[in-house]
Amino acid sequence: MVHYTFEHDGNHGMLRLITHNGQEKTIKCDKESHQTFRVGGTATNGLMKHVVTVKSINRLENTATAEINKLPSVFLVGSIYELPNSRVSLNETAIAIEYYPLDMEGKAPQWVIASKNIDQPEILFINIDCLDGGFNIIKRYRISPYNGEYKLMGMNHGP
């Protein structure tokens, strides 16, 4: 399960995150003095998950091919997602979970292949927004609860 805390002093904030697979990450966030931090997230209630059997593994590219157990001959290719004390193994049962990368706009979802189910996979991103006085998002730190990577996004509010 992903856990995080956000603390700030003035224009500087610090997000401390423990990812789904237990990695500890720290992300520094900055805002202008006239802006306010807001912590939120992006989630879905329609995330696809499949019980699969792992048919091939490429550890160099960190990918696996898996067959959906309820739909034999339907294969998914995804990134291997290792969990603490549990590795994705060849010919073993795993879970394929719909995954959205940080630059998801205009792209199809991808898959992660994990050895077991992930708690709260429906949390797609943690967002730290910098708001102006009218509560418009000026910029957003979009953070992945899967790997702790982030993308700084500027928001366009003009014509």
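Read-outs: derived from the displayed coordinates by stated rules, not from any lab. Note that this is a predicted model, so its numbers are computed, not measured. FYI the Cβ positions are ideal-geometry reconstructions off the backbone, even for glycines, and counts take in every protein chain you see.
Computed values, structure above
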read-out: Sparse-neighbourhood loop sites, chymotrypsin sites (Phe, Trp or Tyr not before Pro) in the stretch 89-155 - DSSP loop, at most 13 other Cβ within 10 angstrom; value: Phe135
read-out: Under-5 Å amide H pairs with Asp30, H placed in peptide plane, nonlocal only; value: Gly13
read-out: Spin-label model distance (nm) - Lys151 vs Lys55, 7 Å beyond Cα toward Cβ; value: 3.0 nm
read-out: Phi-based couplings in Hz for the stretch 53-61 (Karplus 6.51, -1.76, 1.60; Gly and Pro marked x); value: 10, 6, 9, 8, 9, 10, 5, 5, 9
read-out: Alpha carbon centroid spacing (whole Å) that separates the stretch 22-81 from the stretch 103-154; value: 11 Å
read-out: Normalised per residue, the volume of the convex hull around the Cα set of the stretch 12-101 (Å³); value: 131 Å³
read-out: Column: log10 I(q)/I(0), Debye, Cα scatterers of the stretch 49-114, q = 0.18, 0.19, 0.21, 0.23 Å⁻¹; value: -0.61, -0.67, -0.80, -0.93
read-out: Sites matching trypsin sites (Lys or Arg not before Pro) across the stretch 54-159 that sit in DSSP coil, with at most 14 neighbouring C-beta atoms within 10 Å; value: Arg59, Lys70, Arg87, Lys107, Lys116
read-out: Beta bridges by DSSP in the chain, antiparallel share as percent, to the nearest 5; value: 95 percent
read-out: Contact order normalised by residue count of the chain, Cα under 8 Å, 6+ apart, percent; value: 23 percent
read-out: Phi to ³J(HN,Hα) by Karplus 6.51 cos²θ - 1.76 cosθ + 1.60 over the stretch 119-131, Hz, x for Gly, Pro; value: 5, 6, x, 5, 7, 7, 8, 9, 10, 10, 9, 10, 9
read-out: For Trp111, residues with placed amide H under 5 Å, excluding near neighbours; value: Ser79, Tyr99
read-out: Those lysines that a straight Cα-Cα span of less than 23 Å connects to Lys107, excepting residues fewer than 8 apart in one chain; value: Lys49, Lys139, Lys151
read-out: Longest to shortest principal axis, alpha-carbon extents of the stretch 37-159, angstrom; value: 55, 30, 27
read-out: Under Karplus coefficients 6.51, -1.76 and 1.60, residue-wise ³J(HN,Hα) of the stretch 87-92 in Hz, glycine/proline x; value: 9, 6, 10, 4, 6, 9
